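Rule-based calculations on the coordinates, nothing more; no lab input. Keep in mind the model is a prediction, meaning the values are calculated, not measured. With ideal geometry, Cβ positions are generated from the backbone for all residues, glycine too; neighbour counts draw on all protein chains shown.
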Amino acid sequence: MSLLEIKDAHLKLDNKDILKGVSLSVNKGEVHAIMGPNGSGKSTLSYTLAGREGYDLETGEILLEGNPLNEMSADERARAGLFLAFQYPVELPGVGGMGFLREAVNSRRKFLGEKEFDHLAFVKEARKEASKMFVKDEMLKRAVNVGFSGGEKKRFEILQMAMLKPKVSILDETDSGLDVDALKIVSEGVNAQRNNDNAIVLITHYQRLLDYIVPDFVHILSDGVIIKSGGPELALEVEKNGYAGLIDAA
C-alpha cells in the first residue's frame, strides 16, 4: 500500500479546470519532485493535499496510508501526518514561536497516543532541533515569522517538520527566495528527516534544489496533468532544454 495515493484528481477553481486527472503513488522512503511551468497546477495540488478551504476535488481520491483525505479537515490531515511547507510562510502576530510549536507537536503526539511534552521537556527538544537549523532562541521567542527574513522563515518551517515528524511532507517551492547558504541549511534539514517510514514531495520550478535534495522520482506537471515521469536525470533535461519540448511531445 502506498503511503500517499492520488487517484485521477480533478479540481476546478472559479469554474476553470486546474487539475485534470493527476495520479501519483508515493511509497515509504521515497522522495518525489514535481516540476512544471507557472500555471501548471503545482501549488494547487499542494493546497488540495493539505486541505485548504475551497480546494475540494470534483472527482478522484487522495489516500494517506489508505485513509481518504477528502473527508478530513486541514487540521485532521496534519494530525494524521501530512505536512505542508509554504512557498510564502504566513506571519502570525501575537503567537509565540515556542508556544506555537508545542501546541502543534503535542496535538500530533496526542493523536498518535504518545505522551505529550511538558514545558521543560519540550523546550529541551525544541532547542536541540533548532540548533541544527541555526534557529536561535531569540527567534523562538518572537511571534511566528514576524520580522523574519526569507531564509529564517524557511528554516523555521523545516524545524516544524523535524518536530512534527510527519508521514508525508509537501514542500512547496521551499527554495523560493533563498540564497545559496540558506538553501544548503534548509536542504540539510530536509535530508536529515529522510527515512524509510516517511516520504517527501518537493514542488519546484528549478533543478538547483534537486542538487541538494536528490529525488528518487521526478514528475513533470503541465496544464493540470503529469505528462512525464522519470529519475533525477529528467530534472537535468528540463534544466538544459526547458519545458517546451516535453510539453510539445506530450
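Give me a comma-separated list of calculated 3J(HN,Hα) values for segment 193-208, in order, Karplus coefficients 6.51, -1.76, 1.60 applied at θ = phi - 60°, integers in Hz, x for any Gly or Pro.
8, 5, 7, 7, 10, 10, 8, 10, 10, 9, 10, 8, 7, 10, 5, 4
Taking the radius of gyration and the Kirkwood hydrodynamic radius from Cα positions alone, what is the Rg/Rh ratio for segment 171-250, to two decimal places?
0.98
Give the lysines reachable from LYS141 as a straight Cα distance under 18 Å; neighbours fewer than 8 places away on the same chain don't count.
Within reach: LYS124, LYS128, LYS132, LYS153, LYS154.
Taking the alpha-carbon set of segment 126-192, what are its Rg and Dmax in Å?
So, for segment 126-192, Rg and Dmax equal 11.2, 30 Å respectively.
At q = 0.15 Å⁻¹, what log₁₀ I(q)/I(0) does segment 72-216 have when each alpha carbon counts as one equal point scatterer in the Debye sum?
The calculated log intensity ratios at q = 0.15 Å⁻¹ are -0.74.
Non-local amide H neighbours of LYS228 (under 5 Å, H modeled in plane, Pro and chain starts lacking H): which ones?
ILE220
Roughly speaking, what is the stretch gain from ASN67 to ARG52, that is 0.36 nm per residue apart minus the C-alpha to C-alpha distance, in nm to one decimal?
Additional length available on full extension: 3.6 nm.
Could you check the simple spin-label distance between GLU233 and ASP137, using points 7 Å along Cα→Cβ, in nm with one decimal?
Result for the modelled spin labels: 5.2 nm.
Report for the chain the percent antiparallel among DSSP-assigned beta bridges with both residues inside it, nearest 5.
55 percent
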